[in-house]
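Data block below; observations after.
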Amino acid sequence: MPCLSIDADRLIGRIQDLGRIGRGENGKLTRLAASDADKAGRDRLVDSMREAGLELRCDRVGNLFGVWREADVADLAPILVGSHIDTVIDAGVYDGCAGVLAGLEAIETLRGSGFKPARPIAVAAFTNEEGVRFAPDMLGSLAYVGGLTVEDALATIATDGAALGAELARIGYAGSDAPGFLRPHAYVELHIEQGPVLDREGLAIGAVEGVQGISWRRVTIEGVANHAGTTPMTMRRDAGRAAAQVIAHLHDHVAGSNAPSVATVGCIAFEPNAINVIPSRARFTVDLRDPDERRLRRMEAALDGFLDRLAVAEGVSIAVERLARFEPVAFDPRIVALIEDVAKRRGLTSKRMTLGAGHDAQMLARICPAAMIFVPSVGGISHNPNEFTRVADLAAGADVLLDVVTRLAGA
Ligand SMILES: [Zn+2]
């Protein structure tokens with residue numbers, strides 16, 4: 001089979017075109033979910049999906065789909081590609097939009113080539129991925145996989161007081177399909193990296209293996225306040241010193257582990273917080289992340305054990321609250337390997353990566369084999385008008401997406 005390639009001019013043209021929609025008088029790009037600007041962006045996407053000859057579908061939470069469904073394979077589970085087109089405030093033009101429009105580009109290229117898919121192929125734009133106007137983020141894809149009921153999703157209240165259901169109806173994107181109506185055979189999402197790794201290492205493609213698990217805790221250490229001048233060092237019950245030992249221990253334990261684990265104490269407060277008083281209380285957060293659930297549990301257990309020993313050694317009491325806990329998500333190893341393989345066949349460099357930020361693909365992974373393709377972000381800048389991905393990098397990523405879809409939808 002001759003090597004097909006996407007139309008890079010058409011792709012970048014559409015990204016720039018969509019990026020002109022939702023600019024305020026100050027020229028800043030803001031297309032918050034279910035806003036007037038989002039409606040205008042959706043209308044443009046719908047026009048492009050129609051031009052590409054796709055069947056348009058919209059589900060009850062506003063997730064938008066363009067479906068290529070040949071009659072002889074119409075009933076089979078589709079290959080789904082996509083991302084989101086809602087943005088943060090004062091956004092760049094690539095985050096999300098690059099994935100939706102690269103997906104559309106891949107489908108349009110395949111249709112134009114005479115390719116006969118063995119199953120339908122569809123492109124999705126999920127509602128409220130960014131979570132700026134409505135919480136939680138990734139709301140549309142969460143509802144799509146059954147993690148949030150339609151009723152709860154539509155009752156979600158925006159930061160400006162409006163309900164999502166009413167806003168979707170107002171902008172004309174309250175569809176009739178039940179979320180999940182297309183049960184994908186597989187889901188593949190292209191996204192800009194939003195981090196510096198590919199750009200810094202001069203690599204073309206990230207084959208994303210999964211999402212880090214996250215454990216957030218708040219630790220409160222109670223000691224005894226006392227005079228900084230008159231209390232001998234051996235007679236102190238110093239909450240501040242105990243907290244410092246936790247920070248140092250976390251760093252040494254994690255940095256010395258040889259695993260991709262990370263640990264951060266990002267927030268700390270002492271009481272009474274005075275220059276001449278030994279702290280009676282230290283309260284701080286711990287953020288632990290790891291792509292492997294068993295290792296994340298071991299990190300949590302190791303921290304608990306350290307805190308128990310520390311309480312005895314320092315004569316302090318220690319309380320731990322769990323603030324948030326998300327298990328890691330593993331993407332489909334066959335699709336990850338396929339991404340690497342097609343990149344290699346095109347002479348592109350690639351690297352396996354783990355997600356540090358949330359994406360719709362982690363929701364879709366609950367219902368079907370899923371994976372992501374990253375393309376470089378110059379300087380790792382994102383959620384910022386200076387977000388930039390080179391045309392050649394975008395085109396290379398879209399070609400990889402095209403090849404992956406071709407293989408997944410092949411006979
Ligand atoms: Zn995004």
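Tabulated results
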| read-out | value |
| --- | --- |
| Gyration tensor (alpha-carbon) shape descriptor, the range 35-75, a/c threshold 1.5 | oblate |
| Rel. contact order, % - alpha carbon contacts under 8 angstrom, at least six apart, the range 323-411 | 31 percent |
| Per residue convex hull volume, Cα atoms of the range 1-48, in Å³ | 96 Å³ |
| Cα-centred dipole magnitude for the range 308-391, charges only on beta-carbon of K, R (+1) and D, E (-1), debye, nearest 20 | 460 debye |
| Per-residue HN-Hα couplings for the range 349-363 [Karplus 6.51, -1.76, 1.60; θ = phi - 60°; Hz; x = Gly/Pro] | 7, 8, 8, 6, 9, 10, 6, x, 10, x, 9, 4, 4, 5, 6 |
| Helix axis angle, 36-51 relative to the chain longest principal axis, alpha carbon, degrees | 40 degrees |
| 4 °C / 1.567 mPa s Stokes-Einstein diffusion coefficient of the range 1-94, Kirkwood radius on C-alpha pairs, µm²/s | 86 µm²/s |
| The chain - charge dipole about Cα centre, Lys and Arg +1 at Cβ, Asp and Glu -1, debye rounded to 20 | 680 debye |
| For the chain: span of alpha carbons on each principal axis (Å, largest first) | 84, 48, 39 |
| Amide proton proximity set for residue 163, modelled H, under 5 Å, gap of 5+ | 158 |
| Equivalent ellipsoid semi-axes, the range 162-222, via Cα gyration tensor eigenvalues times 5, rooted, Å | 34, 26, 15 |
| Virtual spin-label span in nm between residue 44 and residue 233, 7 Å along Cα→Cβ | 6.5 nm |
| The chain: most fluctuating residue of 233, 363, 372 per GNM, C-alpha cutoff 10 Å | 233 |
| Rel. contact order, % - alpha carbon contacts under 8 angstrom, at least six apart, the chain | 23 percent |
| Extension gain (nm, one decimal) between residue 201 and residue 155, 0.36 nm per residue minus Cα-Cα | 12.1 nm |
| For the chain, built as a Gaussian network whose Cα springs stay under 10 Å, the top-fluctuating residue of 219, 378, 67 | 219 |
| FRET efficiency for residue 317 and residue 258, using Cβ-Cβ distance with R0 set to 30 Å, rounded to 0.05 | 0.35 |
| Computed FRET value (nearest 0.05) for residue 28 with residue 327, which takes r as the C-beta separation and R₀ as 45 Å | 0.75 |
| Extended-chain gain in nm, criterion 0.36 nm per residue less alpha-carbon gap, residue 345 and residue 244 | 31.3 nm |
| Gain on full stretching of the segment that runs from residue 297 to residue 4 - 0.36 nm per residue minus C-alpha separation | 100.9 nm |
| Rg/Rg_ref, the range 128-247, where Rg_ref = 2.2 N^0.38 Å and atoms are Cα | 1.81 |
| Around residue 265: net Lys/Arg minus Asp/Glu count, Cβ-Cβ under 14 Å | +2 |
| Choice from 149, 127, 389 showing the highest fluctuation, given a GNM over the chain with Cα pairs closer than 10 Å | 149 |
| Within the accessible area of the chain (1.4 Å probe), percent carbon and sulfur | 51 percent |
| Dimensions in Å of the range 291-411 - Rg and Dmax from alpha carbons | 20.5, 68 |
| Selection from 395, 71, 285, by position along the positive dipole direction of the chain (Cβ) | 285 |
| Gap separating the Cα centres of the range 367-391 and the range 85-153, nearest whole Å | 14 Å |
| Per-peptide average of other Cβ atoms within 10 Å, ordering 107-116, 200-209 highest first | 200-209, 107-116 |
| Cα gyration tensor of the range 282-323 - equivalent ellipsoid semi-axes, whole Å, descending | 22, 12, 7 |
| Per residue accessible area of the chain, 1.4 Å probe, in Å² | 43 Å² |
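The values are calculated or read from the model by the stated rules, or taken from the named source; none is laboratory data. Because the structure is a prediction, the values reported are computed rather than measured. Here Cβ is always computed from backbone atoms with ideal geometry, including for glycine, and neighbour counts include all displayed protein chains. Quick note on the areas: whole protein, heavy atoms, side chains included, nothing else; ligands and nucleic acids left out. Shrake-Rupley method; radii C 1.70, N 1.55, O 1.52, S 1.80 Å.
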